[in-house]
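Pasting a structure below so you can have a look.
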Amino acid sequence: QSIAPEKLKKPGQPLLLELVPTVDILKTLTSRKRPGQVVVGFAAETRDIENHARRKLEEKNLDWIVANEVGRPRLGMNADRNAVLLLGQRGERFAFGPAPKPAVAEFILEHLAPAVCRNLRPPNG
């Protein structure tokens, strides 16, 4: 890593940008997971969605993963509609869409709320 002491002038040739990977946030979260805590991940994939999502679910020790294909025209990123695949650690599999994004969000919440809420503890006193 280096920081230029002053503005870089255009060199007249392409600039090379080297990227440094960040910490794996999901893996860090699941390594610190407390009993009863539910961790949900998201996977934006361009191909072989279910296999990639299932691998991520297992490798990162997630409880659930919401996967969607971002390479499909008029779905996902920069679109009003989406289609998702919801996979659970115990083998659950639910597919939904294509549908408007608010309906997709409602579908996700309807399926995940019971799993998350069952693990909530009532407030003391």
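The values are calculated or read from the model by the stated rules, or taken from the named source; none is laboratory data. Quantities reported herein were computed from a predicted structural model and do not represent experimental measurements. Please note: Cβ atoms are built from the backbone with ideal geometry, for glycine as well, and neighbour counts cover all protein chains shown. Accessible surface is based on the protein model in full, side chains and every heavy atom, while ligands, DNA and RNA are left aside. Shrake-Rupley method; radii C 1.70, N 1.55, O 1.52, S 1.80 Å.
Starting from region 18-36, keep only residues that are at positive phi, then list their pairs with residues that are modelled with pLDDT under 90 whose Cβ atoms are within a distance under 6 Å, requiring at least 6 positions of separation or different chains.
Gly36/Asn119
Looking for something among the hydrophobic types (A, V, I, L, M, F, W, C), open to solvent by less than 50 Å² (accessible area, probe 1.4 Å) and touching a residue at least 60 places away in the same chain (Cβ under 8 Å) - is there at least one such residue anywhere in region 86-107?
Checking region 86-107: not a single residue is among the hydrophobic types (A, V, I, L, M, F, W, C), open to solvent by less than 50 Å² (accessible area, probe 1.4 Å) and touching a residue at least 60 places away in the same chain (Cβ under 8 Å).
Further question on the same structure: Return the total of residues in region 65-85 being open to solvent by 40 Å² or more (accessible area, probe 1.4 Å), touching a residue at least 24 places away in the same chain (Cβ under 8 Å) and outside any loop (DSSP other than H, G, I, E, B).
So the answer is 1.
Which condition does Pro35 not pass, out of (1) under 20 Å from Ala113 (Cα atoms); (2) open to solvent by less than 100 Å² (accessible area, probe 1.4 Å), if it passes all the others?
(2)
State which residue is modelled with the lowest pLDDT when the search covers only region 106-125 and only residues that are under 15 Å from Gly36 (Cα atoms) and of a type in the set (A, V, I, L, M).
In this case the residue turns out to be Leu120.
Now, a different point. It is to be established whether one or more residues within region 51-64 are modelled with pLDDT of 90 or more, over 19 Å from Glu92 (Cβ atoms) and open to solvent by 60 Å² or more (accessible area, probe 1.4 Å).
no
Any chance you could count how many residues in region 13-32 are part of a helix (DSSP H, G or I), open to solvent by 100 Å² or more (accessible area, probe 1.4 Å) and among the β-branched types (Val, Ile, Thr)?
Residues in region 13-32 being part of a helix (DSSP H, G or I), open to solvent by 100 Å² or more (accessible area, probe 1.4 Å) and among the β-branched types (Val, Ile, Thr): 1 in total.
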